[in-house]
Amino acid sequence: MKHNFGAGPCILPHEVFQEASKSVVDFNGLSILEVSHRHKDFVAVMDEATALVKKALNVPEGYSVIFLQGGASLGFLISALNMMRESKKASYINTGAWSKKAMTEAKKAGFEVLEAASSSDKNFNYIPKNVVIDPSSDYLHFTSNNTIFGTQFKEMPISDVPLVCDMSSDIFSREINVSDFDMIYAGAQKNMGPAGTTLYIVKDEALGKSTSSFMPTYLDLKTHAEKDSMFNTPPVFPVYASMLNLRHLIKNGGVQGAQERNEAKADLLYNEIDNNPLFEGTVAKEDRSNMNVTFLMNDESRLDEFNALWQDNDIVGLKGHRSVGGYRASMYNALPIESVQVLVELMKQFTSKG
């Protein structure tokens, strides 16, 4: 068994892989890869996937759930274009690489981008607390979890302007209050399903209100809300696999159950990092991510030795992002606590050996 701590395409429950693989061969007499998205059997999949998102997150009335393509990278632009109002000012909390990319796209969309807060002064190793929002902003945007630097908002920002969140790497990992947001968007490939679909949860009141002079039909979320995510051929297989995974999530305690398991995994690993003299965390303790645990080794002369140890013990994906180095243990919903226990035991063994 491989212990997958990779930050990219998500680990999924084994039974989801099994069910999805069966449908690649035979979904309804046809493969899920060839079935028409207009066929009633796939329409039922899309309807169920939408209903399961609403159930898992307690999405209130007055919100649309949409499955698109393009990942959060397109979401940076889609969110900006759809939220543009009269001021054409947008406030962003800058917590690292993904926030900066979102800010860049908002500028390209024609916004005056305002930095409401930033943690760049300490290389993004904390979540800024003093957020100053220009009241004329069309919206406030933030990234709830930062995969590269390992920080996470433990409390969502309070805002008098519409709140927009890129929740790609921690959606479905903890309970949230959807009614606080005008828009949530999230790439599937961390906690929901395979790469290829992107989830949007949008307040209906926010649809069709953009003042942008540049609004291609496809980038207008109202287009997709009105067509139930079927304006064009949707990413059929990623939506199907996401539906299976959401079924599994709800069957196993829902988001609350996932949150409890994620907190237990994070506590186990952070406790070892804090008590092991060879390792140290890189993030302010109150802002540590439960999804992406970033840490360093204090004795660089032993890096090769430790790398060989975890690689020989079927651990994959532990190296930190190329821009920051060190180690990053990504612990998305489907990673079992047993994998974290293996890593912690190896860290203990390595230290006692030295």
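The values are calculated or read from the model by the stated rules, or taken from the named source; none is laboratory data. Please read all numbers here as calculations on a predicted model, not as lab measurements. Cβ: placed from backbone, ideal geometry, glycine included. Neighbour counts: every protein chain shown.
Numbers for the structure displayed
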item: Total residues in the range 297-331, condition in a loop (DSSP other than H, G, I, E, B) and either touching a Leu at 6+ places or on another chain (Cβ under 9 Å) or not assigned by TED's automatic domain parsing to the domain that holds Asn262 (or both); result: 8
item: Among the candidates Glu155, Glu175, Glu205, residue that is at negative phi, surrounded by fewer than 19 Cβ atoms within 10 Å (Cβ to Cβ), part of a helix (DSSP H, G or I) and not basic (Lys, Arg); result: Glu205
item: Hey, Arg288 under 19 Å from Asn125 (Cα atoms), out of contact with any Ser or Thr (no Cβ under 7 Å at 6 or more places or on another chain) and of a type outside the set (Asp, Glu) or not; result: yes
item: Subset of the range 277-296 that is part of a strand (DSSP E or B) and surrounded by fewer than 20 Cβ atoms within 10 Å (Cβ to Cβ) - its residue that is nearest to the chain's Cα centre (by Cα); result: Gly281
item: Residues within the range 208-237 that are surrounded by 21 or more Cβ atoms within 10 Å (Cβ to Cβ), polar (S, T, N, Q) and not in a loop (DSSP other than H, G, I, E, B), tallied; result: 0
item: Residue pairs meeting the criteria (Cβ under 9 Å; at least 6 apart or on separate chains; first more than 21 Å from Ser289 (Cβ to Cβ), in the range 1-21; second assigned to a helix (DSSP H, G or I) and of a type in the set (Gly, Ala, Ser)); result: Met1/Ser339; Lys2/Ser339; Val16/Ala241; Phe17/Ala241; Glu19/Ala241; Ala20/Ala241
item: Residues satisfying the stated conditions in the range 271-291, i.e. closer than 30 Å to Asn58 by Cα and either in contact with an Asp or Glu (Cβ under 9 Å, 6 or more places away or on another chain) or free of Cβ contacts under 8 Å to residues at least 60 places away in the same chain (or both); result: Lys285, Ser289, Asn290, Met291
item: Every residue from the range 330-345 that is surrounded by 13 or more Cβ atoms within 10 Å (Cβ to Cβ) and either out of contact with any helix residue (DSSP H, G or I) (no Cβ under 6 Å at 6 or more places or on another chain) or of a type in the set (Lys, Arg) (or both); result: Ser330, Tyr332, Ala334, Leu335, Pro336, Ser339, Gln341, Val342, Leu343
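Yes or no, residue by residue, for (1) without any contact (Cβ under 8 Å) to a residue 40 or more places away in the chain; (2) in contact with a Phe, Trp or Tyr (Cβ under 7 Å, 6 or more places away or on another chain); (3) assigned by TED's automatic domain parsing to the domain that holds Gln69; (4) within 19 Å of Gly62 (Cβ to Cβ):
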site: Asn191; (1), (2), (3), (4): no, yes, yes, no
site: Ala206; (1), (2), (3), (4): no, no, yes, yes
site: Thr211; (1), (2), (3), (4): no, no, yes, no
site: Phe214; (1), (2), (3), (4): no, no, yes, no
site: Thr223; (1), (2), (3), (4): yes, yes, yes, yes
site: Lys227; (1), (2), (3), (4): yes, no, yes, yes
site: Met230; (1), (2), (3), (4): no, no, yes, no
